[in-house]
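Working notes, structure below.
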Amino acid sequence: MTIAASQEAFLHAFHAEHPAVTSEWLGHGRAPDGRSSYELLRDRVAGRERVLDLGCGDGLLLDLLAGSDSSEPSAGRERPRQLTGVDLSPQTLALARKRPALADTRLEEARAQELPFPDSSFDACVSHMALMLMADIEQVAVEVARVLAPGGVLACVVGNGVLLDEAYDRFRALAKEEIADTPAAKRMPALGDRRTRTREGFDAILSPAGFAPVEWESVAIDLGGPVDRVWAGVASLYDFEPLDQAAMERLRGAFLDARRDSITPEGTVPFTVQLRLASAELR
């Protein structure tokens with residue numbers, strides 16, 4: 001099995017079992033200005049009529065894009081925005097198809113490396129926490145450039161592995177010990193391309209495909225809330241998928257121990273991650 005096939009097999013299996021896991025956790029997070037990371041991405045493509053969501057998951061971002069038509073009087077559009085979503089997971093796409101706002105949205109099970117669309121089909125391509133997971137990233141860039149019209153924009157939210165939380169770092173050290181005890185064949189494969197974590201890396205990927213230099217912004221997203229909800233989000237990370245129930249119970253105890261001093265009387269706990277908002281225009 002190739003590296004790309006191994007990565008995609010893992011993602012297929014994970015999202016078959018957890019089809020809405022990303023939006024369930026990150027959907028309630030807020031930047032300092034009160035917007036979610038999904039809303040930040042939506043606003044980066046305001047006024048763009050034909051929009052492709054790459055790795056659309058259960059359709060939360062597409063839902064926001066569909067609902068933004070009426071709130072953009074300056075866009076000058078007289079017809080509804082044309083939205084399209086692609087994802088590897090049929091289970092997540094099934095959830096997207098249940099959203100009333102997406103009744104007229106084209107939703108396709110497809111690989112980003114082989115998009116089933118003609119050249120110049122879109123004015124914008126968005127991707128929320130998905131581009132960074134993709135193998136053969138140069139081919140993804142070529143395909144996105146192909147399906148974008150000249151002047152089209154690629155905008156994405158990616159993680160960079162930074163959590164603004166020292167207590168969580170201590171927990172992660174314990175988690176690595178649990179993962180190390182798991183047979184290598186069961187562990188999460190290395191996903192994506194680490195160059196997507198930096199502006200320079202993004203430029204190296206996108207520039208050969210014809211994109212202008214990347215605009216880059218770091219955003220702190222507050223994911224704090226009830227302890228059980230925060231733990232559920234942490235426990236849903238890809239890294240922990242191979243661990244059995246006993247290991248996850250040990251990790252839950254370690255997580256609570258690490259957070260004990262910051263749990264409020266109301267049972268909430270702070271938790272902040274740093275995400276990157278990147279965009280580039282096709283020359």
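Bear in mind these aren't lab numbers, they're just calculated from the coordinates by the rules spelled out. Just so it is clear, the model here is predicted, and its values are computed rather than measured. Please note: Cβ atoms are built from the backbone with ideal geometry, for glycine as well, and neighbour counts cover all protein chains shown.
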Would you mind classifying segment 222-283 by shape? Square roots of the alpha carbon gyration tensor eigenvalues, ordered a ≥ b ≥ c; an a/c under 1.5 is rounded, otherwise it is prolate if a/b is larger than b/c and oblate if not. oblate
Pop out the ³J(HN,Hα) list for segment 195-202 in order, Karplus 6.51 cos²θ - 1.76 cosθ + 1.60 with θ = phi - 60°, rounded to Hz; leave Gly and Pro as x. 5, 6, 8, 9, 4, 4, x, 4
Calculated [θ] (222 nm, deg cm²/dmol) that DSSP helices of n ≥ 4 give over the chain, each run adding -39,500 (n - 2.57): -10500 deg cm²/dmol
Taking Cα atoms, the helix 245-259 axis meets the longest principal axis of the chain at an angle in degrees (rounded to 10) of 90 degrees
For Thr264 paired with Glu200, estimate the spin-label separation in nm (one decimal), with each label point 7 Å from Cα along the Cα-to-Cβ line. 4.0 nm
